[in-house]
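**Student:** For reference, the structure I am asking about is given below.
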Amino acid sequence: METYTSIPEELKLTVLERIQPTEPEREKLLAIQKELASQVKLAAEKLGVPGVLVKMVGSAARGTWLSGTHDIDVFISFPEETSRKELETLGMAVAKEVAKHAEHAEDRHAEHPYLNIIYKGFDVDLVPCFRVASASHIKSAVDRTPFHNDFVKPRIKGHEDEVLLLKQFMRGGGVYGSELKTQGFSGYLTELLVISYGSFKNTIYAACSWKPGEKIDIMQHGEIDHEEPLVVIDPTDPRRNVAAALSLDKFCMFIDHCREFLKSPELSFFFPASLLPLEDSEILEKLESRKSTQLAVVFKTPDVVEDVLFPQLYKMEQAVAALLKEYDFTVIKTGVWSGNTETAVMMELISGTLPNVKKHIGPPVWVKVHAEKFKEKYQAEDGVFGGYIENGKYVFEIRRKYPTAKGLLEDRLRSCSLGKQVHQSINESFEIIEDAGICRLKDPDFRVFLRKWI
Ligand SMILES: Nc1ccn([C@@H]2O[C@H](COP(=O)(O)OP(=O)(O)OP(=O)(O)O)[C@@H](O)[C@H]2O)c(=O)n1
Ligand SMILES: [Mg+2]
């Protein structure tokens with residue numbers, strides 16, 4: 001058994017002081033939730049929509065929100081027999097009626113449409129859903145959420161602080177958030193970990209020994225096949241893995257964060273010092289010392305939500321790496337950064353240039369027909385440097401088509417398999433910048449990204 005330092009009570013208190021919602025904050029949030037609930041009821045009455053019930057869900061309804069975050073999830077539920085079409089039209093009509101009292105409203109789309117509004121400074125999701133009998137009978141993915149609430153709320157009562165600590169600790173480790181950009185831990189998952197292990201501390205201790213394939217099945221629903229690194233069977237729906245969105249790297253980053261924290265439990269694991277943007281001179285110095293090649297494909301940020309954009313960027317990252325590899329470039333790593341106006345897919349290569357000569361190995365000389373054809377073809381080719389026999393095979397030193405990675409990308413990037421909006425943006429225009437050229441990107445957020453990159 002490995003021994004770890006214990007977590008000082010004082011440290012937990014210091015963290016909690018900063019993340020626990022204050023009493024006035026709680027009262028305000030509660031008041032706004034009540035107000036929204038009556039707005040929904042009034043709207044339904046006004047529009048003559050029967051059978052509508054309102055339910056507050058998410059961390060705001062469970063007392064597990066981090067102080068300062070202002071989001072409220074309002075579920076507007078309709079009887080199960082409502083048709084999907086009706087749910088969408090009536091649900092959105094009710095939501096839009098409520099939005100008349102809001103500062104701002106925006107249509108959003110998950111599996112079906114919902115409305116995001118800013119109401120008295122709070123970020124509110126108004127989500128229409130079906131009122132089904134159980135979470136295993138859902139008609140739409142969001143129908144589970146009210147069941148999550150019913151499961152978590154009574155079990156987390158009195159342990160809310162443990163959830164707050166864990167959420168903040170995950171934030172500090174860069175692993176909190178189940179959006180496709182982060183692929184980390186969701187709020188609900190954090191709550192289930194605390195319910196399962198009993199506390200923040202126990203979760204940290206347990207995670208130090210996690211391995212991919214770790215299973216947590218609070219209600220003992222029994223074995224169900226899931227491939228993901230962490231499998232947390234949803235207590236309200238045995239078919240679902242609550243940790244399905246968690247990537248292997250975020251799973252491992254969390255394990256690492258826990259182990260390091262227990263070696264020296266400090267505040268910085270919850271609140272890491274913010275990284276300063278790199279200055280031009282620092283960039284140049286680092287590039288000089290690395291002696292690799294930096295390439296950035298820069299293009300206009302497509303106007304889509306992050307959950308649509310990031311999967312496309314991750315796909316592009318893969319496609320670009322495969323293309324470079326196919327043409328003999330050695331990729332050290334790839335990454336993506338996206339800002340409000342510009343997006344960059346980054347690559348670090350061992351070298352961005354290759355010699356003009358490329359060794360092309362043909363068939364063994366004794367495979368007569370193939371060998372003769374091969375020889376004829378390459379002998380006649382323009383720019384061939386020479387030919388010889390090596391290990392019984394014809395070898396020709398031919399001219400490399402793309403001696404620079406930049407040239408390769410300029411020529412071939414558009415024909416890579418890319419997601420729709422990224423492809424559109426790339427087709428409009430893109431730029432490839434190299435090495436010191438990345439100093440052209442001034443966005444402070446990019447400069448912070450660079451600090452980890454180089
Ligand atoms: N990938 C997701 C996202 C959300 N939900 C459900 O929708 C609720 C609200 O989602 P969200 O606001 O993202 O999470 P919170 O639990 O409220 O956590 P946070 O404190 O980060 O807002 C969650 O509690 C959960 O029941 C879910 O099941 N799966
Ligand atoms: Mg929330």
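**Student:** Out of the residues in segment 65-79 that are closer than 13 Å to residue 30 by Cα and not aliphatic (A, V, I, L, M), state the one that is farthest from ligand 2 (Cβ to nearest atom).
**Tutor:** 70
**Student:** To continue, here is another question. What is the number of the single condition among (1) within 16 Å of ligand 1 (Cβ to nearest atom); (2) among the aliphatic types (A, V, I, L, M); (3) in contact with an Asp or Glu (Cβ under 9 Å, 6 or more places away or on another chain) that residue 224 does not meet?
**Tutor:** Among (1) within 16 Å of ligand 1 (Cβ to nearest atom); (2) among the aliphatic types (A, V, I, L, M); (3) in contact with an Asp or Glu (Cβ under 9 Å, 6 or more places away or on another chain), residue 224 violates only (1).
**Student:** Which of the following residues is closer than 30 Å to residue 357 by Cβ and either part of a strand (DSSP E or B) or within 45 Å of the chain's Cα centre (by Cα) (or both): 377, 406?
**Tutor:** 406
**Student:** Do we find that residue 452 is of a type outside the set (A, V, I, L, M, F, W, C), free of Cβ contacts under 8 Å to residues at least 60 places away in the same chain, part of a helix (DSSP H, G or I) and surrounded by fewer than 17 Cβ atoms within 10 Å (Cβ to Cβ) in this structure?
**Tutor:** no
**Student:** Then there's this: Select, from 239, 259, the only residue that is within 16 Å of ligand 1 (Cβ to nearest atom) and in contact (Cβ under 8 Å) with a residue 24 or more places away in the chain.
**Tutor:** 239
**Student:** Filter segment 274-302 for residues that are touching a strand residue (DSSP E or B) at 6+ places or on another chain (Cβ under 8 Å) and among the aliphatic types (A, V, I, L, M); which is surrounded by the most Cβ atoms within 10 Å (Cβ to Cβ)?
**Tutor:** Applying the filter and picking the extreme gives 295.
**Student:** Scan 27, 45 and give me the residue that is open to solvent by 20 Å² or more (accessible area, probe 1.4 Å) and over 33 Å from the mean Cα position of the chain (by Cα).
**Tutor:** The match here is 45.
**Student:** A follow-up question, please. Under the condition of being surrounded by 12 or more Cβ atoms within 10 Å (Cβ to Cβ) and aromatic (Phe, Trp, Tyr), which residue from segment 351-388 is farthest from residue 328 (Cα to Cα)?
**Tutor:** Only one residue tops the list, namely 374.
**Student:** May I ask you to list the residues in segment 225-273 that are part of a loop (DSSP other than H, G, I, E, B), more than 21 Å from residue 177 (Cβ to Cβ) and open to solvent by less than 50 Å² (accessible area, probe 1.4 Å)?
**Tutor:** Passing the criteria: 235, 236, 264, 265.
**Student:** If you don't mind, another one. Just checking, how many residues over segment 74-94 are open to solvent by less than 30 Å² (accessible area, probe 1.4 Å) and out of contact with any helix residue (DSSP H, G or I) (no Cβ under 8 Å at 6 or more places or on another chain)?
**Tutor:** Residues that pass the stated criteria total 3.
**Student:** Residue 108: within 20 Å of residue 177 (Cα to Cα), in contact (Cβ under 8 Å) with a residue 12 or more places away in the chain and surrounded by fewer than 16 Cβ atoms within 10 Å (Cβ to Cβ), yes or no?
**Tutor:** yes
**Student:** Can you pull out the residues in segment 57-73 that are more than 6 Å from ligand 1 (Cβ to nearest atom), open to solvent by 30 Å² or more (accessible area, probe 1.4 Å) and over 20 Å from residue 162 (Cβ atoms)?
**Tutor:** Residue satisfying the conditions is 70 alone.
**Student:** Let me ask another. Within the bounds of segment 345-368, is there any residue that is of a type in the set (Ser, Thr, Tyr) and part of a strand (DSSP E or B)?
**Tutor:** Yes, segment 345-368 has at least one match.
**Student:** I've got another one for you. I'd like to check something: does segment 303-319 contain any residue that is modelled with pLDDT under 95, assigned to a loop (DSSP other than H, G, I, E, B), among the aliphatic types (A, V, I, L, M) and open to solvent by 20 Å² or more (accessible area, probe 1.4 Å)?
**Tutor:** Within segment 303-319, one or more residues are modelled with pLDDT under 95, assigned to a loop (DSSP other than H, G, I, E, B), among the aliphatic types (A, V, I, L, M) and open to solvent by 20 Å² or more (accessible area, probe 1.4 Å).
The values are calculated or read from the model by the stated rules, or taken from the named source; none is laboratory data. Bear in mind that the values here come from a model prediction, so they are computed numbers and not experimental data. Reconstructed Cβ throughout: ideal geometry from the backbone, glycine too, with neighbour counts over all protein chains shown. Ligands, DNA and RNA are excluded from the accessible area calculation, which covers all protein heavy atoms including side chains. Shrake-Rupley method; radii C 1.70, N 1.55, O 1.52, S 1.80 Å.
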